[in-house]
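Q: Take this structure, written in structure tokens, and hold onto it; I'll ask about it next.
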Amino acid sequence: MDKKKGKPKLLWGSGYKNIGQQAIGFCSAGDWEADLALFGAELAASKAHVKMLQAQKLISAKEAKGMLSALAKLEKTGTSALDPAEDIHTSFDIFLNKHAEAGNFRLALSRNDQVVTAEHIYLNGKAKEFSAALNTLAKTLAKKALKTKGAIMAGYTHHQQALPTTFGHLMLAFAYAFQRDAKKFDAWLALHNACPLGAGTSFGTTLPIDANKTAHLLGFAKAHPNSLDAISSRWELEADFTHCLASIMTHLSILAQTLILFSTSEFGYISLGDAHSTGSSAMPQKKNPDVLEAIKGKTAEVQASLLSILSLAKCNMAGYNKESQWGKHEVLEAIAHAQPSIAIMHELIPALHLNEKKMLASLSPLTTSLSLAENYSQKYGVPFKQAKMQVEKAIAKGSFKGLKIPQSDLALWQNPAWIVAHASASGPNSKEVEKKAKEILAGDG
């Protein structure tokens, strides 16, 4: 606030007496606080802009030195040096004008391209963080897969026992899922590699700027080729990023639900570590999987953020629209849910305890039926469709005697260990699981 006049400090409206006095609080509530996450990104963009202005002789060396010195001071002090304002961009402007000759800082600069640039820089950093964290989580799962490659259990379809598999095969499946999620962030970085700084309000500037110089200073491959698209496509930047987050959280939620079921007394396949469980306020015996349930809840929040960003954009006219700023809040909230979810799953997986005897004992003999039909078909020349029908009828009658298969073959083809050992390359074959887990741990998966 301007203490003398009791009005907020703004970057606009000097020609009007009371413009925005009742609008600022409504339109920008919570915006400055959210923007603090973008402090480092705004600092980098401001430095690059000043350097470009000087290189293009749009400001003097003295002006540039003063502003860069002020920005260095701000970097050292941090956000505490900023005055709360409409947004962080306004706060930076206030700071610069307090500590330097900064009347030309806003040459060829609009909050429109500032907002998108700061958010873009911030998301670039987060994309790299998420990619690294997901590859680490994939390796954590690969380690668990190595340790549990021989832990035979039932695989499920439709929540019903289907075929014999191993816990290691299950862990490896999620390792691959999170590797793909990591690659989605790598793809996001490659796709969104044009810098919006220099786009101005949406329509460029008449000044001889060098947007490519600014882009390269900020680590982008190039300047954005179209100023209108640079501003109008802000939602796409956010939606694509949040889609990556939604994919992570959906994978985490599926893993969480699977582990919750396997940890129930009815299953008893696994138990969670104490550090990742909670108790009941009333029931002394309870050990609840609240961490896993919280991941499911956070997944809903992230998926909702993606839908919100898409909904915010669908009725925009080409160019900047005020409602676009709520997309920033959504993506920041989604990040706040996703990062700790990855971290805690990384901690939870190694602490899982398996009850391998219960897993094997719970395996229904009927889960070997496909193996029986396949091998009966191949060894005795019976078309598979006919072999499957004969096995189905035998199951209905409760006896395989009518199949005319030697007991030795029946015993072999119905042995879960034999089935797992002879599973195809992508299946629960322990040698294949070990091979692929080691590839992931070596960084080759």
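The values are calculated or read from the model by the stated rules, or taken from the named source; none is laboratory data. All of these numbers come straight from a predicted model, not from anything done at the bench. Positions of Cβ are backbone-derived with ideal geometry, glycine not excepted, and every protein chain shown enters the neighbour counts. Note: accessible area is taken over every heavy atom of the protein model, side chains too, but ligands, DNA and RNA are not part of it. Shrake-Rupley method; radii C 1.70, N 1.55, O 1.52, S 1.80 Å.
Q: Whole number in Å², please: accessible area per residue of the chain, 1.4 Å probe, ligands, DNA and RNA not counted.
A: Accessible area per residue, the chain: 49 Å².
Q: Over what distance in Å are the Cα centres of the stretch 284-355 and the stretch 165-181 separated?
A: One Cα centre to the other: 21 Å.
Q: List the relative contact order of the chain as a percent without decimals, with contacts defined as Cα pairs under 8 Å and 6+ residues apart.
A: 17 percent
Q: From the helices alone, meaning DSSP H stretches of at least four residues, give me the mean residue ellipticity at 222 nm for the chain, per-run term -39500 (n - 2.57), in deg cm²/dmol to the nearest 500.
A: Theoretical 222 nm ellipticity from helices: -19500 deg cm²/dmol.
Q: Let me check I have the definition right: for the stretch 172-242, take the eigenvalues of the Cα gyration tensor, multiply each by 5, take square roots. What are those semi-axes in whole Å, largest first?
A: 31, 13, 6
Q: Using only the alpha carbons of the stretch 292-382, what is the convex hull's orientation-averaged projected area in square nanometres?
A: Reported value for the Cα convex hull: 12.4 nm².
Q: A follow-up question, please. Using all Cα-Cα distances in the stretch 221-319, what percent lands in each 10 angstrom bin from 0 up to the longest?
A: So the P(r) values, bin by bin, are 14, 30, 22, 16, 11, 7, 0.
Q: Let me ask something else. At 0.36 nm per residue, and after removing the present C-alpha to C-alpha distance, how many nm does the segment from A162 to A361 gain when stretched out fully?
A: Additional length available on full extension: 70.1 nm.
Q: Let me ask something else about it. What are the ³J(HN,Hα) couplings of the stretch 200-212, residue after residue, when phi is run through the Karplus curve with 6.51, -1.76, 1.60 and θ = phi - 60°? Round to Hz, x for glycine and proline.
A: Listing the rounded values in order: x, 5, 2, 10, x, 8, 7, 7, x, 6, 10, 5, 5 Hz.
Q: First obtain the Kirkwood hydrodynamic radius of the stretch 75-120 from its Cα pairs, then insert it into the Stokes-Einstein equation at 10 °C and 1.306 mPa s, and state the resulting D in µm² per second as a whole number.
A: 139 µm²/s
Q: Take every Cα pair under 8 Å in the stretch 111-220 that's 6+ residues apart, average their separations, divide by the length, and report that relative contact order as a whole percent.
A: 33 percent
Q: Using θ = phi - 60° and the Karplus curve 6.51 cos²θ - 1.76 cosθ + 1.60, what whole-Hz ³J(HN,Hα) does each residue of the stretch 279-285 get, with Gly and Pro shown as x?
A: x, 10, 6, 10, 8, x, 7
Q: Next question, about the same structure. Where does the stretch 126-181 land on Rg/Rh, using Cα atoms and the Kirkwood Rh?
A: Reported Rg/Rh (Cα atoms, Kirkwood Rh): 1.11.
Q: If you project the alpha carbons of the stretch 278-337 onto the principal axes, what extent comes out on each, in Å, largest first?
A: Principal-axis extents of the Cα atoms in the stretch 278-337, largest first: 59, 16, 14 Å.
Q: Convert each backbone phi in the stretch 235-241 into a coupling constant with the Karplus relation 6.51 cos²θ - 1.76 cosθ + 1.60 (shift: θ = phi - 60°), then list the ³J(HN,Hα) values in order as whole Hz, x for Gly and Pro.
A: 4, 5, 3, 6, 5, 5, 5
Q: Take the stretch 68-212, compute every pairwise Cα distance, and split them into 10 Å bins from 0; I just need the percent in each bin.
A: Final binned percentages: 10, 23, 22, 16, 12, 11, 6, 0.
Q: Can I ask one more? Anything over 21 Å Cα to Cα? Flag those among K213/K328; K51/K213; K76/K98; K358/K436; K149/K296, in the order listed.
A: K213/K328; K358/K436; K149/K296
Q: From the C-alpha gyration tensor of the stretch 328-445, pull out the three semi-axes of the equivalent ellipsoid (sqrt of 5λ each), sorted largest to smallest, in whole Å.
A: After diagonalising the Cα gyration tensor, the semi-axes are 42, 17, 16 Å.
Q: Quick one: accessible surface of K385, probe radius 1.4 Å, all protein chains present, in square angstrom to the nearest 10.
A: 150 Å²
Q: Ok, one more. Tell me the accessible surface of K328 in square angstrom (1.4 angstrom probe, heavy atoms of protein chains only), to the nearest ten.
A: Roughly 10 Å² of K328 is accessible to a 1.4 Å probe.
Q: Taking every DSSP beta bridge with both residues inside the chain, roughly what % is antiparallel (nearest 5)?
A: Roughly 80 percent of the DSSP beta bridges within the chain come out antiparallel.
Q: At a probe radius of 1.4 Å, what is the per-residue accessible area of C244, in Å² to the nearest 10?
A: In the full protein context, C244 sits at about 10 Å².
Q: What residue among H49, H99, H158 shows peak mean-square fluctuation when the chain is described by a Gaussian network model with Cα springs under 10 Å?
A: H158
Q: Mind checking which aspartates and glutamates have their Cα closer than 15 Å to the Cα of K286? Skip sequence neighbours fewer than 8 apart in that chain.
A: Answer for K286, where 15 Å is the Cα cut-off: E266, D274, listed by chain and number.
Q: Something else: What percent does the relative contact order of the stretch 297-347 come to when contacts are Cα pairs within less than 8 Å and at least six residues apart?
A: It rounds to 50 percent for the stretch 297-347.
Q: Let me ask something additional. Return, for the Cα atoms of the chain, the radius of gyration and Dmax in Å, separated by a comma.
A: Reported Rg and Dmax, both Å: 29.7, 99.
Q: If you don't mind, there's one more thing I want to ask. Using a simple charge model, +1 on the beta-carbon of Lys and Arg, -1 on the beta-carbon of Asp and Glu, nothing else, what dipole does the chain show about its Cα centre, in debye to the nearest 20?
A: Here the size comes out at about 740 debye.
Q: Another question about this same structure. Can you list residues whose amide H is under 5 Å from S263's amide H, if they're 5+ apart or on another chain and H is modeled 1.01 Å from N?
A: I270
Q: Quick one: ranking I152, I335 by accessible area, 1.4 Å probe, largest first, what do you get?
A: I152, I335
Q: Which percent of the accessible heavy-atom area of the chain goes to carbon and sulfur, probe 1.4 angstrom?
A: 56 percent
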